[in-house]
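Inspection log for the structure reproduced underneath, given as structure tokens.
The values are calculated or read from the model by the stated rules, or taken from the named source; none is laboratory data. Not measured: the values here are computed from a predicted model. No Cβ is skipped: glycine too gets one built from the backbone with ideal geometry, and neighbour counts run over all protein chains shown. SASA here: full protein model, heavy atoms, side chains in, ligands and nucleic acids out. Shrake-Rupley method; radii C 1.70, N 1.55, O 1.52, S 1.80 Å.
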Amino acid sequence: MDCFLFFFFNHSKREIKMRKLDSTKVRPLKSEQLLRIEDHDFAMRPGFGGSPIPVGIDVQVESIDSISEVDMDFTMTLYLRHYWKDERLSFPSTKNRSMTFDGRLIKKIWVPDVFFVHSKRSFIHDTTMENVMLRVYPDGNVLFSLRITVSAMCFMDFSRFPLDTQNCSLELESYAYNEDDLMLYWKRGNESLSTDEHISLSQFFIEEFSASSGLAYYSSTGWYNRLFINFALRRHIFFFVLQSYFPAMLMVMLSWVSFWIDRRAVPARVSLGITTVLTMSTIITGVSASMPQVSYIKAVDVYLWISFLFVFLSVIEYAAVNYLTTVEERKQLKKRGKVSGMYNIDAVQAMAFDGCYHDSEADVAMNTFAVHSEEHSARGRAASIPNLDATRVRRKRSLKGNVGRIILQNNHVIDTYSRVIFPAVYIVFNFFYWGLYV
């Protein structure tokens, strides 16, 4: 019995020992034990005290979420990948297979401290888990990948807005390690930057993406490697043509209609002029409200304000025409000498404000009749009313069929020239404007 127990005990020990020697049946070690994390000080960079550690970068742009002219920034979602070698993380592997970890191991090892220069806001996506991946190869090579959304400044020049092209860049740099400790570079040169084929924006056309690198100097800490993600944005003009340029053109052309209206039709011409002026003011205010308050003139300001000037000058043109017409009628009535000064002024005011063409002979006859009627009794003045009505009826009959001829004959010389000069100058302005900015 004792011999049997002794044999069984020795057999059990031998079996346990064989299991330990068989690596395929050993319980998996923890990542910290396999990578020997506890044996090293990961507060220091790899190769501390020696040459700078190379850290390769590549970026895949997933989307450009928004461009804000008011805040002068852009928002971009991208995959940021880091490549470096840390021999402290090397481990034995017969099949040379890498190990992949999530974000929980990141806090226990050294990783590059890359940040976005001129960034306003940024965050790592965390649905359903934090979008972080760490891949370690047996020889100590490391791949560290993040999915990030970042909002960064874009120094925009609006002098050609909305016919402009904006050049923006997202800049990456190590925060703590200067060029003596860390060398940041594009992993595969220009091919390190890739984009989604379906990236599109409502107001911009993305002309190109490019990768570049440079150095940044800080007086207190020295030189740092900096990487640039450059992209050019060309604005779509069609929206602004519909919202700003085309309405402005219509208002300017509408203001020219007043040149073809009888110069004595004061209500019609004044209301038309004021309407176009107020509409142009509304268009200018609407454009300014959606733009940053810059201190220089934009291309759209040039067009809108010159269009506003044309509309305003059409109102001033009629003010000059109305004044000169009044002066001319006064001189004509005084020259005839058929009415007194008081009634001369009343006749001119009637011609200026009743909105009708006045036949000179009929008006003079009416005024003469009115002067004589003042010398009679109340009965005489009452009898003059039917005669006045008869005169007005004769004047209206004389106008029938001759309105066009009368308007053309009654044109002021300023109106005649304005019909040609205003459109011609505006066409020349458009020719130079679109030739300069497009």
Inter-centroid distance (Cα atoms) of the stretch 106-129 relative to the stretch 154-233, Å: 18 Å
Segment THR94-SER212, extension gain: residue separation times 0.36 nm, minus the distance between their alpha carbons: 38.5 nm
ILE37/GLN203 FRET efficiency (R0 41 Å; Cβ-Cβ; nearest 0.05): 0.25
Residue-span extension gain [LEU324 to SER194] - 0.36 nm each, minus C-alpha spacing: 39.8 nm
TYR137 accessible area, 1.4 Å probe, all protein chains in place, Å² to nearest 10: 80 Å²
Shape category assigned to the stretch 143-301 from the gyration tensor of Cα positions, a/c cut at 1.5: prolate
Per-selection metrics, the stretch 24-166 (Cα): Rg and Dmax in Å: 19.7, 72
Whole-number percent relative contact order across the stretch 33-169, with pairs defined as alpha carbons under 8 Å at least 6 apart: 28 percent
Cα→Cβ-extended label distance, 7 Å offset, between LEU278 and VAL420, nm: 3.5 nm
Probe 1.4 Å, all protein chains present, accessible-area order of SER200, SER119, largest first: SER200, SER119
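Please list LEU233, LEU309 from largest to smallest accessible area, probe radius 1.4 Å, with all protein chains kept in place.
I get LEU309, LEU233, largest accessible area first.
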Exposure rank, largest accessible area first [VAL277, VAL70; 1.4 Å]: VAL70, VAL277
